[in-house]
Amino acid sequence: MDAGLTLTTEMMLVLGLVVFTVLMLILEWIRADLVALLVIVVIGITRLMPVDQLFDGFAGNAVISLIAVMIMGAGLDRTGVLGKAASFIIRLAGGVEQRLAVVINSIVGSLSAVVQSQALSSLFLPVVSRVSARTGVPLRRLLLPMACCILCGTNITMISNSPLILLNDLIASANRNLPPGAQSIEPFRLFAIAPVGVPLLIVGIAFFAVLGKRLLPDDEERQNVTPGRTESYFADTYGIEGDVFELTVTAESPLVGMSVGETEQLHDAPLILALKTGNEGRLAPPADQMIWVGSVIGVLGRREAVSDFADNHLCLMQARLRNFGDMFNPTRAGISEAVIPPTSHWINQKIEDLRIRKRFGISVLAVTRGGTVFREDVRHMMLKPGDTLVLHSLWRDLALAAESRDFVVVTDYPKEEQRPSRIWYAVAFFGLALGLGLFTDLRLSVAMMTGAVGMLLAGVLSMEEAYKAINWKTIFILACLIPLGWAMDSTGTAAWIAQEVMIYMDGMPQWLIQACVAILTLLFAQIISNVGAAVMMVPMAINIALASGGNPAAYALIVAISTSNTFFLPSANPVLLVVAGPGGYRNGDFLRVGIPLTVLMLVTTLVAVNLMFGR
């Protein structure tokens, strides 16, 4: 690193962009992907890097690799590879709770080495829910350990963790700006970091095997968090109880001429699940559908309450389902739970604006947020990440709607595997991609895209399904923030920061400097995305290593791993946020588990990295 660097105008511009990016990601005044686009435009206008290189991130190794991994993950899901895991887990565990948790954590931790972490948590959520429902083991003692072990396992390879996928691109940028005489940093191969990732996974599994039951007790207040299709579960958890009845609207009824939405606002109105007018009947009638003389309404509620409502509104009540018997057959329809993941397009949208009943034929019966159940006037609620929705629908409609990945169904419901005949094609091409990445000198992006294209050609996925499988928000954030990391390197900003930091760290042992860098990275990762933390911290860490005489590759790897090994705030990690609602977890649960686990992961990372790069 050059001695005596002075703060230039370009450096101040980069620092201003970094501060702006951090503030916007914390305050969320502007969408994260729009912030990233704004950053890349400002970098181009201010010429902080050559304009002809500005959009190279969109074609970079990291972005293409991530797109390919997302497509292959969807292909594995579509063919039922992960859908078969529940029976295998139960058979392997033999019904013993402690063994069950170890088996689940081991399997998801191993799979997270080759499947993107956020996709894996969404795919395995219904699998673990099914296991919980079949064995009676409380879901809250399974989900959080599963999520944490997924995060531990992502450090085994370079393809399932966004910061690790990005790491080689950041290293390439650092190599272009190394001071004279400095040795270039070798990029990491597919399984090069396994000596660090495997110990992290083993420590995570052991942590929950020893302390899991003690840290996540099955307290009486939340003992019924296991999703299931039993009436008692939905009655106890959401207050949704009773049976389905038919109400026939008479000519004298005040409901004539009212819409479904207006009827739902009436005092003591039962849940309206179906409506038949003339010969046309449907579940989840839209709020604007009108009720006329002779209309038959399918409602859910306690017999006494439904009877009183029928008497007050001059309707004929039928306990026997003459019109909706086929629709309400448990093999065709029922109540389910779904979680809003952080990548959902439904976030910050009102339920009524989404027109879920009209578009998908699904009724939203209740919403759970932060342990509070909302049943009144849910149509006007604004959805947030981690919200749990209680839905009623035909299973066929639910499966079709779930393909959008705007929500993750956590209840086991009857559905057919979509393309089981293509399962071996999916496995073969996924294995081919891993083999090319491991045993050839092909770039990771080429190896992964080979597997993705193979699945498409074999009919595992259609092109339209492949487009839907890609989380374009993540792609845009990643591609647009890469130039910010390049600008920190090329303008000397990262070197200047390292120079200032070393004023206070000069003379410290390497392990202590590494620990300080890792802790700073952990703090950054709590307030901004893990990708953003990696973009800002990797160039800085490499320059600190150069200034202190450390190994730049070791410092870069410590940063990339530390961005995801944070377990005590669900809002800072999408994988934890996905399980927060279904598990009924509170902030105290995450702190009780996350603080000791984060410290343990930090120590394990420092020890493993230094052994791996030991001289």
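Each reported figure results from applying straightforward, stated rules to the coordinates on display, with no laboratory input. Everything numeric in this text was worked out from a predicted model, so none of it was measured. Cβ placement follows ideal geometry from the backbone for every residue including glycine, while neighbour counts extend to all protein chains displayed.
Starting at the first residue of region 179-189, write each ³J(HN,Hα) from the Karplus equation 6.51 cos²θ - 1.76 cosθ + 1.60 with θ = phi - 60°, in whole Hz, x for Gly and Pro.
3J(HN,Hα) across region 179-189, in whole Hz: x, x, x, 6, 7, 5, 8, 6, x, 8, 7.
Arrange the following residues from fewest to most other Cβ atoms within 10 Å of their Cβ: TRP346, TRP486, TRP424.
Lowest count first: TRP424, TRP346, TRP486.
What ³J(HN,Hα) values, in whole Hz, does the Karplus curve 6.51 cos²θ - 1.76 cosθ + 1.60 give for region 66-71 when θ = phi - 60°, with x put for Gly and Pro?
After applying 6.51 cos²θ - 1.76 cosθ + 1.60, I find 5, 4, 5, 5, 4, 5 Hz.
Averaging sequence separations of C-alpha pairs under 8 Å and six or more residues apart, then dividing by the length of the chain, give the relative contact order as a whole percent.
21 percent
Give me the net charge for the shell around ALA469: Cβ to Cβ below 12 angstrom, other residues only, Lys and Arg +1, Asp and Glu -1.
Taking every other residue near ALA469 into account, the sum is -1.
Assign unit charges at the C-beta atoms only (+1 for Lys and Arg, -1 for Asp and Glu), then state the dipole size of the chain relative to its Cα centre in Debye, rounded to the nearest 20.
Computed about the Cα centre, the dipole is about 1280 debye.
Distance between the C-alpha centers of region 175-199 and region 252-279? Whole Å please.
If you average the Cα positions of each part, the centres end up 65 Å apart.
Hey, what did region 377-524 get for relative contact order, percent, Cα under 8 Å, at least 6 apart?
13 percent
Excluding THR493 itself, calculate the net charge of residues whose Cβ lies under 12 Å from the Cβ of THR493, where each Lys or Arg counts +1 and each Asp or Glu counts -1.
-3
Taking H placed 1.01 Å from N in the peptide plane, check which residues at least 5 places from LEU365 or on another chain put their amide H under 5 Å from its amide H.
VAL390, LEU391, HIS392
From the helices alone, meaning DSSP H stretches of at least four residues, give me the mean residue ellipticity at 222 nm for the chain, per-run term -39500 (n - 2.57), in deg cm²/dmol to the nearest 500.
My calculation for the chain gives -17500 deg cm²/dmol from helical runs alone.
When you count, for each residue, the other Cβ atoms within 10 Å and take the mean per peptide, how do 449-460, 267-278 rank with the highest first?
449-460, 267-278
Could you please report the charge total around GLY261, scoring K, R as +1 and D, E as -1 over all other residues with beta-carbon less than 9 angstrom from its beta-carbon?
Local charge sum for GLY261: -3.
Taking Cα centroids, how far is region 358-402 from region 14-80 in Å?
31 Å
Would you kindly derive the ³J(HN,Hα) couplings of region 533-546 from the backbone phi angles with the Karplus curve 6.51 cos²θ - 1.76 cosθ + 1.60 (θ = phi - 60°), listing them in order in whole Hz, with x for Gly and Pro?
With coefficients 6.51, -1.76 and 1.60, one gets 5, 5, 4, 7, 8, 4, x, 5, 5, 4, 6, 5, 4, 5 Hz.
Over region 271-411, calculate the relative contact order: mean separation of alpha carbon pairs under 8 Å at least 6 apart, over the residue count, as a percent.
Relative contact order, region 271-411: 27 percent.
Using mean Cβ contacts within 10 Å as the protection proxy, how do 381-390, 577-586 order, highest first?
Ranking the peptides 381-390, 577-586 by packing returns 577-586, 381-390.
What ranking do 596-603, 513-520, 301-308 get when scored by the average of other Cβ atoms within 10 Å per residue, highest first?
Descending packing order for the listed peptides: 513-520, 596-603, 301-308.
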